[in-house]
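Worksheet: one structure, shown below.
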Amino acid sequence: AQSVTQLDSQVPVFEEAPVELRCNYSSSVSVYLFWYVQYPNQGLQLLLKYLSGSTLVESINGFEAEFNKSQTSFHLRKPSVHISDTAEYFCAVSLDTGRRALTFGSGTRLQVQP
Amino acid sequence: GAGVSQTPSNKVTEKGKYVELRCDPISGHTALYWYRQSLGQGPEFLIYFQGTGAADDSGLPNDRFFAVRPEGSVSTLKIQRTERGDSAVYLCASSRDISYEQYFGPGTRLTVT
């Protein structure tokens, strides 16, 4: 079975500062990797995903994540955050074949302060 | 187009009662998933459908939980003899098929008193 660990439950950061949200996973088989974001009072939205190919993936709003197979990590980064990035961020994995149900981490609350 | 919708948005029920939670997936999406999110946790998988059949129900916590999708579109999650520990946000997601990304609904917040 797969598992996902997000070590930081909360990350406070000042506006325009860089941020990294950490995600490590465990799986005995190949997986797909995802970051979802949940803004206050909204549903989960897919931020970015790694399925295959380039290990660096980017979102349209400046986030990026790099798949590191040797370290089983998929950390999320942004060089300069905005107040509007304040949200809960969830890392998730799924098998790359058959059952595609997502296994989520416990989430990291990003709090951007002015 | 319309996203995944879930009704009701909030449901308060007494311990021991029966509840039904409804999910309307994106039109044309064949795969449908149910997850449960407890306070301070990430969503946990409950069950998924490919078409009308439950392809994997390994996440259902016990036999009080049941879900159906009779016509391959709308799905209903049914909980019998509710317990306070069932209180959570129940999320539904759909995807074009199992190979594609999942789109989540806003969830139903269930409170068992």
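The values are calculated or read from the model by the stated rules, or taken from the named source; none is laboratory data. Nothing here was measured: the structure is a model prediction, and the numbers come from that model. Cβ placement follows ideal geometry from the backbone for every residue including glycine, while neighbour counts extend to all protein chains displayed.
Considering the stretch A:84-114, the residues that are in a loop (DSSP other than H, G, I, E, B) and more than 14 Å from chain B (Cβ to nearest Cβ) include one that is nearest to A:LEU44 (Cα to Cα), namely A:THR86. The residue that is nearest to the other protein chains (Cβ to nearest Cβ), among those in the stretch B:74-98 that are in contact with a Phe, Trp or Tyr (Cβ under 8 Å, 6 or more places away or on another chain) and of a type in the set (Lys, Arg), is B:LYS78. Each residue in the stretch A:78-94 was checked for being surrounded by 15 or more Cβ atoms within 10 Å (Cβ to Cβ) and of a type outside the set (Val, Ile, Thr), and 9 pass. Of all residues in the stretch B:15-49, those that are outside any loop (DSSP other than H, G, I, E, B) and either on the phi > 0 side of the Ramachandran plot or of a type in the set (S, T, N, Q) (or both) total 1.
Among strands (runs of 3 or more DSSP E) entirely within the stretch B:68-113, having at least 2 residues that are at pLDDT 95 or above, under 17 Å from B:LEU39 (Cα atoms) and of a type outside the set (Ser, Thr, Tyr) singles out B:88-95, B:108-112.
All of B:GLU101, B:GLU71 fail the test of being within 11 Å of chain A (Cβ to nearest Cβ), surrounded by fewer than 22 Cβ atoms within 10 Å (Cβ to Cβ) and free of Cβ contacts under 8 Å to residues at least 40 places away in the same chain, apart from B:GLU101. Does B:LEU46 count as loosely packed, with under 13 Cβ neighbours inside 10 Å, under 30 Å from A:SER9 (Cβ atoms) and either within 13 Å of chain A (Cβ to nearest Cβ) or among the basic types (Lys, Arg) (or both)? Taking the combined requirement at face value, the residue does not satisfy it. If I filter the stretch A:64-83 for residues that are within 13 Å of another protein chain (Cβ to nearest Cβ), outside any strand (DSSP E or B) and not aromatic (Phe, Trp, Tyr), do I get at least one hit? No, the stretch A:64-83 contains no residue that is within 13 Å of another protein chain (Cβ to nearest Cβ), outside any strand (DSSP E or B) and not aromatic (Phe, Trp, Tyr).
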